[in-house]
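Following: one structure in structure tokens, then a few remarks.
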Amino acid sequence: MSELVADCPRCRSQRITFDVLADIIVGVQYAWQQWYEAFCVCRHCLRSTVFVLSDKEVHSKDIINKGGLAKFSGAAGHLVKVESFISIKDSAPIDPPEHLPVDILAAFSEGARCQSVACFNAAAAMFRLCVDLATKARLPETDRDGLNAKIRRSLGLRLPWLFAQGLLPVAVQELSACIKEDGNDGAHVGSLTQADAEDLLDFTIALLERLYTEPERLRLAQARRDSRRGKAG
């Protein structure tokens, strides 16, 4: 039986030995490095953990593939590295809208992870950040039609101004009610419920799809059409 030395997330023992009872290959990176999920039992608390492991060296998979990591006789740490362990954070998160800018994608992905583990205040803060970043990009460079520094700073004031100026799609205006004018929508005071976070998520997805996903899909479709017609010509 293979042995793995790692920190136990169940009893908090550090550098404790686990018995590796089963393993599966879950992916490949860099064309050579196999990744595994291994079912292991801590020798201190006798409770199980599924570790995410990766090959340490190119030749590691050649040894492991002969019979599986669990059947390897010796210390698994010579062959694999512990990357993480499976927990509630690995629950399937919400997929982000396509074609988002890098900063907005990062904020949305973090919010989706928080939502998947029922951290609704943290999730809402990230979804609010997505809306904040997306709407700041829609503001004109110079103040006009009542635009001022206070409106620029406050998301709750910025949204009505952008809708009034036709700079945001009116189809999502009703959903924007989850962003309060005074900015005190719970994300700041930690009082959001699951329903509040889901309302903010729905608005965020709808807004981002209309600002980024749909225009880019149309652009790509037009590019494919032009390419086909160019080839036909």
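The values are calculated or read from the model by the stated rules, or taken from the named source; none is laboratory data. Only a predicted model underlies this, so the values are computations on that prediction, with no experimental measurement involved. A quick note on method: Cβ atoms are made from the backbone with ideal geometry, for glycine too, and the neighbour counts reach across all protein chains shown. Side chains are part of the model used for accessible areas, which takes the heavy atoms of the whole protein and leaves out ligands, DNA and RNA. Shrake-Rupley method; radii C 1.70, N 1.55, O 1.52, S 1.80 Å.
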Once the cut-off is 26 Å, how many percent of the Cα-Cα pairs in the chain end up in the long-distance tail? 57
What accessible area per residue comes out for the range 23-145, rounded to a whole number of Å², with a 1.4 Å probe? 55
Find, among the GluC sites (Glu not before Pro) in the range 106-185, those assigned to loop by DSSP (not H, G, I, E, B) with at most 15 other beta-carbon atoms within 10 angstrom. 141, 181
Residue 210-residue 143 FRET efficiency (beta carbon distance; Förster radius 41 Å; 0.05 resolution): 0.95
Considering Cα pairs under 8 angstrom that are at least six residues apart, work out the relative contact order of the chain and quote it in whole percent. 14
Report the one residue of 213, 74, 171 whose Cα lies farthest in the direction of the positive end of the charge dipole of the chain (charges on C-beta: Lys and Arg +1, Asp and Glu -1; origin at the Cα centre). 74
Hey, which aspartates and glutamates would be in cross-link range of residue 61, C-alpha to C-alpha under 18 Å, not counting anything within fewer than 8 residues on its own chain? 3, 23, 37, 83
What's the ranking of 7-14, 95-102 by average number of surrounding C-beta atoms within 10 Å, highest first? 95-102, 7-14
By average C-beta atoms within 10 angstrom, highest first, the peptides 82-89, 126-133: 126-133, 82-89
Excluding same-chain residues fewer than 8 positions from residue 150, which aspartates and glutamates have a Cα within less than 18 Å of its Cα? 132, 141, 181, 182, 185
Give me the one-decimal nm value for the distance between modelled label points at residue 86 and residue 175, 7 Å along each residue's Cα-to-Cβ direction. 3.3
Sort the range 110-233 into rounded, prolate or oblate with this rule: let a ≥ b ≥ c be the square roots of the eigenvalues of the Cα gyration tensor; rounded if a/c is under 1.5, and if a/c is not under 1.5, prolate when a/b is larger than b/c, oblate otherwise. oblate
State the extension gain, in nm to one decimal, for the chain segment bounded by residue 44 and residue 58, taking 0.36 nm per residue of separation less the distance between their alpha-carbons. 1.8 nm
Magnitude of the Cβ-charge dipole (Lys and Arg +1, Asp and Glu -1) of the range 73-193 about the Cα centre, nearest 20 debye, reported as 240
Given +1 on the Cβ of Lys and Arg, -1 on the Cβ of Asp and Glu, and no further charges, what dipole in debye does the chain carry about its Cα centre, rounded to the nearest 20? 580
